[in-house]
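Single-structure report; data block below.
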Amino acid sequence: MGGFLRINDIFQPKRLSFWESLNAWIFVLPWILGFFLFTGGPIFASLVISFTHWDIVNPPQWAGLANYETMLSDPLFFQSLKVTTMYALVAVPLQIVVGLFVAILLNTKIRLIGLYRTLFYLPAVLPIVSVAVMWRWILSRDWGLINWFLSLFGVYGPGWLSEPEWALPALILMSLWGVGAGMLIYLAGLQGIPTDLYEAAKVDGAGPWAQFLYVTLPMISPVILFQLVVGLIAAFQVFAQPFIMTQGGPQNATLFYLLHLFRNAFEFFRMGYASALSWVLFMYIAILTMLIFRFSAAWVFYEGEIRNE
């Protein structure tokens with residue numbers, strides 16, 4: 001059957017010539033060099049530095065595991081890890097719930113819906129420094145917008161950023177400012193749900209709440225997983241907000257992990273210890289992420305997958 005192409009002929013990859021391969025590598029070379037110079041190289045260097053004592057001025061001195069052993073006797077290490085973990089455990093679920101709620105509200109066909117979506121998304125693209133300065137004013141005890149609003153009802157608002165028991169909740173509240181980015185992703189997921197699923201649910205007598213539980217949530221569960229992982233990683237890298245608004249205070253109530261790392265690196269010039277802190281954070285995030293993926297099979301549904309019941 002010489003007049004017909006065989007399937008193997010169609011899908012067999014074409015063997016590139018030497019010059020074609022060379023051209024391909026030339027085009028990829030800038031990215032490879034950029035990765036090793038600006039990403040891979042610094043990552044490997046930080047791992048080596050974490051086993052040294054280095055103050056930038058003097059040559060590094062090999063210290064073995066001394067920097068990692070120092071963490072065990074550093075109360076600020078445990079405090080910063082505790083603060084960051086508490087922030088992530090509360091702020092990330094709140095962002096998921098609020099972002100999904102806003103996306104559901106904006107997943108309607110009404111006049112000016114594009115304008116409403118834009119208004120909800122705009123805060124997510126504002127510079128974090130200007131946002132932190134604005135929220136520092138909003139959360140002020142004496143002239144802040146929140147305490148002024150509470151005073152209308154005869155409530156004397158607390159010192160949101162000056163009292164240890166309120167400082168971290170205030171930063172968690174501020175984190176909801178940027179839910180517009182997550183809202184946009186949820187909105188895309190909601191619009192990808194086939195409408196015939198809702199129609200079938202209505203035929204079976206399912207109300208709005210049942211449709212949400214048994215249709216909407218399972219269908220967007222991969223989106224929720226994505227938001228959970230990305231939100232967790234972002235929560236453990238919070239720096240600008242506490243640095244600008246509280247400087248880790250009061251009484252280290254907002255001493256986030258990256259703020260502690262920054263101080264050791266660029267205030268105390270303990271580069272070896274700071275590098276060790278960064279690698280512990282990397283391992284901590286990696287373990288939490290793997291745990292999330294490990295248990296995601298129990299609640300994440302992928303459309304079209306076959307399950308053996």
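Every number here is computed from the coordinates shown, using simple stated rules; none is lab data. Here the structure is a predicted model, which is why all the values come from computation and not from measurement. A quick note on method: Cβ atoms are made from the backbone with ideal geometry, for glycine too, and the neighbour counts reach across all protein chains shown.
Odds and ends about this structure:
- Of the DSSP H helices in the chain, those with a Cα length along their own long axis of 20 Å or more and a mean Kyte-Doolittle hydropathy reaching -0.5 comprise 18-35, 75-106, 217-235, 271-296.
- Each helix, a run of at least 4 DSSP H residues, gives -39500 (n - 2.57); summed and divided by the residues of the chain, these come to -20000 deg cm²/dmol at 222 nm.
- For the chain, modelled as a GNM whose springs connect Cα atoms under 10 angstrom apart, the maximal fluctuation among ALA91, ALA286, ALA210 occurs at ALA210.
- Residues PHE149, PHE243, ranked from the fewest to the most other C-beta atoms within 10 Å, line up as PHE149, PHE243.
- Comparing LEU22, LEU197, LEU33 in a Gaussian network model of the chain where C-alpha atoms under 10 Å apart are linked, the largest mean-square fluctuation is found at LEU22.
- Amide H contacts under 5 Å for GLY249, placed H, 5+ residues apart: THR254
- Cα gyration tensor shape for the chain, rounded if a/c is under 1.5, else prolate or oblate: oblate
- DSSP-assigned coil residues among trypsin sites (Lys or Arg not before Pro) in region 235-309, each with at most 11 further Cβ atoms within 10 Å: ARG307
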